[in-house]
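Written below as structure tokens is the structure these notes are about.
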């Protein structure tokens, strides 16, 4: 069952360059649609390059998805931030940005407490379920530690496929980028 806090693992047959070998954290899922952030596509820009006013904190920005690519989104572990929405226990998205900046400037945060994204991934009513029915995505559970662990992101796609222990998906791990050329 699709629910926020789970991840979508892209099928290698998903013919969409935005989502090739991606893992998308679902931050919201309801009858109106779904919203998520690609966890494993780091951009070549840092948060200090993108916004002013951060004194001590710097971290990479990730490509969250093809919707509103020029807007900045964030997931974090700060429950006290006004307007933040819970994704899973101890993980939130959004909220008052001035509060976020203040926390980043007055505490000693690291990348395990906040992650920034340019854009997001979005699906309209019923769209994600249709993509699930066509096996474009594999739905998996994920822990907070895995979501916020920057060191293992390059293997996140493979790890989540292998976690399924389903023989139908295991061959995806070693599939070439364009299976038609094999």
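Derivation of every value follows stated rules applied to the coordinates shown; laboratory data play no part. Worth saying up front: this structure is predicted, and the values here are computed from it rather than measured. Note: ideal-geometry Cβ built from the backbone for every residue, glycine included; neighbour counts use all protein chains shown.
Some observations on this one:
- Fewest-first sequence of 37, 116 by Cβ atoms within 10 Å of each Cβ: 116, 37
- Neighbour-count ranking [beta-carbon atoms within 10 angstrom, fewest first] of 144, 138, 128: 144, 138, 128
- Fewest neighbouring Cβ atoms within 10 Å first, the residues 136, 31 line up as 31, 136.
- Kirkwood hydrodynamic radius (C-alpha pairs) into Stokes-Einstein, the chain, 20 °C and 1.002 mPa s, D in µm²/s: 126 µm²/s
- The residue 130 and residue 69 beta-carbon pair, evaluated with R₀ = 22 Å, returns a calculated FRET efficiency of approximately 0.40.
- Between residue 50 and residue 149, the contour length at 0.36 nm per residue exceeds the Cα-Cα span by 33.5 nm.
- Modelled this way, with points 7 Å down the Cα-to-C-beta line, the labels at residue 110 and residue 86 are 2.7 nm from one another.
- Pairs of Cα atoms nearer than 8 Å and 6+ residues apart set the relative contact order; for the range 1-115 it is 20 percent.
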